[in-house]
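Undergrad: The structure that follows is given in the form of structure tokens.
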Amino acid sequence: ADQLPQLTDSLAKILRDTARLQEVGKLLRQTHKGIENAVAHWPELHKNLGRSSLLLRNTKMQLDYVLTHRDAYEASLQHTLLLSRMLSAALPLLTEQLEMELGDQERALTDLDESIQDVQEMLPHVAHGTSNVLQATRLLLLLLAAIFGLHGGCLIADARMGRPRAFPSSSYTGHREI
């Protein structure tokens, strides 16, 4: 009976250790799955690490080149800064010139609009005048046709009556003999 409390304590301790062993087993299974996953993705990981290594080598070579030619890069940077300052100084003047040109173009467009409106206002008057001229021309052509018709009728009538022609003969050359 004296050993019963010790045995109970030992049993409780063993049960607690068993619960811990279950946790350790669970952690070992998770670790095993992680290792299997890493092994499955190892070729892809190896390939990506190789690419990263190549990229780092190329970057190192570029940085080494920049460091050996630092003076040229700094001179280029100074030149770029100078150009940007010159551009920023000239920008207000360019903007002002563009605004003036836009104003001139707006005025020219306004003048053009007014001219177009003037032409549109004059167009009916010009059309009416042109119509009158065309009608007068038509009347003159009709009058000429009537005159030529009357003249032709007179010539035909004279020829039927036997009257001599008033025109020179066909042997007429247009020159008078002296």
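Undergrad: Kindly establish whether L45 is of a type outside the set (D, E), open to solvent by 100 Å² or more (accessible area, probe 1.4 Å) and out of contact with any strand residue (DSSP E or B) (no Cβ under 6 Å at 6 or more places or on another chain).
TA: So L45 does not fit the description; no.
Undergrad: Still on this structure, I have one more. Please name all residue pairs, on different chains or six or more residues apart, with Cβ atoms under 8 Å, provided the first residue is in the stretch 141-157 and is touching a residue at least 12 places away in the same chain (Cβ under 8 Å) and the second residue is surrounded by fewer than 10 Cβ atoms within 10 Å (Cβ to Cβ).
TA: none
The values are calculated or read from the model by the stated rules, or taken from the named source; none is laboratory data. Source: prediction; values computed, not measured. All Cβ positions, even for glycine, are placed from backbone atoms using ideal geometry, and neighbour counts span all protein chains on display. For the accessible areas, the whole protein counts, side chains as well, though only heavy atoms, and no ligand, DNA or RNA atoms are used. Shrake-Rupley method; radii C 1.70, N 1.55, O 1.52, S 1.80 Å.
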